[in-house]
1. Any chance the range 342-356 includes a residue that's buried (at least 16 other Cβ atoms within 10 Å of the Cβ) and within 16 Å of the ligand (Cβ to nearest atom)?
2. Can you pull out the residues in the range 408-426 that are assigned to a loop (DSSP other than H, G, I, E, B), touching a strand residue (DSSP E or B) at 6+ places or on another chain (Cβ under 9 Å) and either closer than 15 Å to residue 281 by Cβ or acidic (Asp, Glu) (or both)?
3. Filter the range 110-165 down to the residues that are under 28 Å from residue 213 (Cα atoms), assigned to a helix (DSSP H, G or I) and of a type in the set (Gly, Ala, Ser) and list them by number.
4. Filter the range 249-273 for residues that are surrounded by 19 or more Cβ atoms within 10 Å (Cβ to Cβ) and either at pLDDT below 95 or more than 10 Å from the ligand (Cβ to nearest atom) (or both) and give the result.
5. Scan the range 185-197 and tell me whether some residue there is buried (at least 24 other Cβ atoms within 10 Å of the Cβ) and acidic (Asp, Glu).
6. Of everything in the range 364-386 that's of a type in the set (Asp, Glu) and under 22 Å from the mean Cα position of the chain (by Cα), which residue is surrounded by the fewest Cβ atoms within 10 Å (Cβ to Cβ)?
7. Tally up the residues in the range 456-474 that are over 15 Å from the mean Cα position of the chain (by Cα) and either farther than 26 Å from residue 117 by Cα or polar (S, T, N, Q) (or both), please.
Amino acid sequence: MSDVYRNLIAGQWVECNSKKTFPNINPANTDEVLGHFQASGAEEVQMACDEAAKAQPAWAALPAPARGEYLFKAAEKLESRLDSIAADMTREEGKTFPEAKGEVKRAINIFRYFGGEGARSFSYQIPSERPNVFCYMMRKPLGVVGLITPWNFPSAIPAWKMAPALVAGNTVVMKPASLAPLSPYRLIEALVEVGIPAGVVNYVTGSGGAAGNALVEHPAIRAVSFTGSCGVGNSLHKKLSGRKVRVQLEMGGKNPTIVLKDADLDYAVDILVNGAFFSTGQKCTACSRAIIEKDIYKPLVEKLVAKTQALKVGSGLEPGIHIGPAVDENQLETDLKYIEIAKSEGAKLLCGGNRLTGGIYEKGFFVEPTIFDEVKPDMRIAQEEVFGPVLSLMAANDFEDAMRLANGVQFGLSASIVSRDLTRVHQFINSIEAGLITINLPTAGVEYQLPFGGTKESSFGMREQGPLALDFYTESRTVYMKYA
Ligand code: NAP
């Protein structure tokens, strides 16, 4: 029997009342079980929220720099275990070891960044129009916040929600994704080891339907930060809309990269391959649509297919692997389903399109990186998020046509352009419908110190990360003081 991981409630590692657990399985080798996690339900969530509410006033009363100290110390712990935490992430989620290591490093940076926020930017003073009146704004924490996180960035996303929430003086109940609960467990464990007071962070695993649902329904919760699919995010929004609960939703994307005719073709190919296929296309910011000016279409596509066919698929723990498995059988089936949909809609398969089986692939959920040509804007493969290594190609007559295609979807998370034409680049920045805009860079690969979030159906509510993250987790108070 592999390790059993418990919930953290009120500073204690506890089993759930039913004693039921669920396995955490390696998607590259389904014989490997990383551990068993608590199949918690409403009872455990209720307890965690109650304890978080009890712990909150004392936590909020600590000076903010002292709250930040816990994040600094936890970052040290995590850094000392970087390789082993990253290897476990590769085992539970499938991304390659270098990608996992980069993500854990990012979580560490996030802890340090928000640790520093404890001593920064908590309020500002504004001159009064009246004599001898001193006016200022101060921030107050909201109370208990519920965090619901996805499996695809199982360390960075829990970190970028938890760190600003904590430093602002909130207490936290986290429900991580059931497919990757070990990476967020490691963050919580580090905070416990550095002595964060009991009840300040609580970690409860269990299904979305049971534990996640109970979390958003608990009356003590003042805010819910959710990252995941549009379906679940929108249902949570509907559920919470009758209550005065702050909601932040980060959801899906159908992110375009536009390549204009002046682009360096080899450079553009690198950007497309990175954006579309790395992390198995399982990034909300992954590029799933390449929109290419017709003048360079043919030579660019030839190079793109050649580079894609040279990518190595396999276990992310092996050196030299570019693409790991799909996270589980459901995601693999979704990838294969969309490949069939694209074919039936009349898109032309240029490469990939199959599940990989036999030998090193036998025990995992591997799919070939796949490219479709002749994709029309109204096809489902051009409109719906696949969340796998599947790239759709569209030819654009000119820049205006490229912009029309790029903006012609319901999503608006990230978008990129490859061009040296400064005028076009600025026009792109001004009119692309996306929250994250990159120029001569892949659609994915954002940094922790800047705000993160999309527009249209991709996102709702305030921004995450960077200096704006604290806005979501605090309420302002305005003070007018007559002193003479
Ligand atoms: P998901 O199925 O929506 O799950 C996300 C989280 O919600 C998980 O913890 C899940 O628990 C929980 N959940 C499921 N049903 C729930 C319910 N009824 N009530 C409360 N919680 C519930 O998404 P996912 O498959 O983990 O992640 C992939 C999606 O996330 C993609 O669409 C991707 O684009 C999006 N994403 C967006 C961003 C962004 O910042 N915009 C970043 C990363 C990922 P279980 O795991 O137990 O089901």
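The values are calculated or read from the model by the stated rules, or taken from the named source; none is laboratory data. Owing to the predicted nature of the structure, the values given are computational and were not obtained by experimental measurement. Here the Cβ positions follow ideal geometry from the backbone for every residue, glycine too, while neighbour counts run over all protein chains shown.
1. No, the conditions are met nowhere in the range 342-356.
2. Of everything in the range 408-426, just one residue is assigned to a loop (DSSP other than H, G, I, E, B), touching a strand residue (DSSP E or B) at 6+ places or on another chain (Cβ under 9 Å) and either closer than 15 Å to residue 281 by Cβ or acidic (Asp, Glu) (or both), namely 413.
3. Matches in the range 110-165: 156, 159, 163, 165.
4. The answer is 256, 257, 258, 259, 260, 263, 268, 269, 271, 272, 273.
5. no
6. Top of the filtered list is 384.
7. 3
Each row is one residue, and each column tells you yes or no for (1) outside the structural domain of residue 55 (by TED's automatic domain parsing); (2) in a helix (DSSP H, G or I); (3) within 7 Å of the ligand (Cβ to nearest atom).
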site	(1), (2), (3)
184	no, yes, no
187	no, yes, no
199	no, no, no
202	no, no, no
205	no, no, no
210	no, yes, no
213	no, yes, yes
232	no, yes, yes
